[in-house]
Amino acid sequence: MNINQICMKCMTGKINEEGKCTSCGALQDAEKNGSKHLPVKTILKGKYLVGRVIGEGGFGITYIGYDLDLEIRVAIKEFCPKNSVERDIEDGLTIYPLFFS
């Protein structure tokens, strides 16, 4: 499966020649996550494709995702307690704990 053809907003549509999703109409160049989130199109454990952020709270971040083996939409929850961790801005993946004295 070509991950560049999966919509990062809805994970159900295909991307047309204009770069828009055939299902939700989202323009794919606009689908980016913030610097404190996992980058869009990150693949976790060789199986889960990370899409856009769909929720965020005190204990973590929820992303829309896609299971590349089963070819279904999933929710990906990242344990990321607010004010307790910080993401490495260089690689966008590594999280460091913040220590308080």
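The values are calculated or read from the model by the stated rules, or taken from the named source; none is laboratory data. Just so it is clear, the model here is predicted, and its values are computed rather than measured. A quick note on method: Cβ atoms are made from the backbone with ideal geometry, for glycine too, and the neighbour counts reach across all protein chains shown. Side chains are part of the model used for accessible areas, which takes the heavy atoms of the whole protein and leaves out ligands, DNA and RNA. Shrake-Rupley method; radii C 1.70, N 1.55, O 1.52, S 1.80 Å.
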> Which of (1) assigned to a strand (DSSP E or B); (2) more than 25 Å from Arg87 (Cα to Cα) is the odd one out, the single condition Val53 does not satisfy?
Replying inline: (2)
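Are any of the residues in the stretch 12-33 on the phi > 0 side of the Ramachandran plot and in contact (Cβ under 8 Å) with a residue 40 or more places away in the chain?
The answer is no, given that none of the residues of the stretch 12-33 is on the phi > 0 side of the Ramachandran plot and in contact (Cβ under 8 Å) with a residue 40 or more places away in the chain.
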>> I'd like the residue in the stretch 44-101 that is farther than 18 Å from Gly34 by Cβ and of a type in the set (Val, Ile, Thr) and, out of all such residues, is farthest from the chain's Cα centre (by Cα).
In response: Ile72
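When you scan the stretch 66-101, how many residues do you find that are in a strand (DSSP E or B), over 20 Å from Arg52 (Cβ atoms) and open to solvent by 50 Å² or more (accessible area, probe 1.4 Å)?
Summing the residues that are in a strand (DSSP E or B), over 20 Å from Arg52 (Cβ atoms) and open to solvent by 50 Å² or more (accessible area, probe 1.4 Å) in the stretch 66-101 gives 3.
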> If we scan the stretch 32-45, do we find a residue that is farther than 30 Å from Glu17 by Cα, hydrophobic (A, V, I, L, M, F, W, C) and in a strand (DSSP E or B)?
Replying inline: no
> How many residues does the stretch 1-60 hold that are among the aromatic types (Phe, Trp, Tyr) and either surrounded by 13 or more Cβ atoms within 10 Å (Cβ to Cβ) or modelled with pLDDT of 95 or more (or both)?
Replying inline: 1
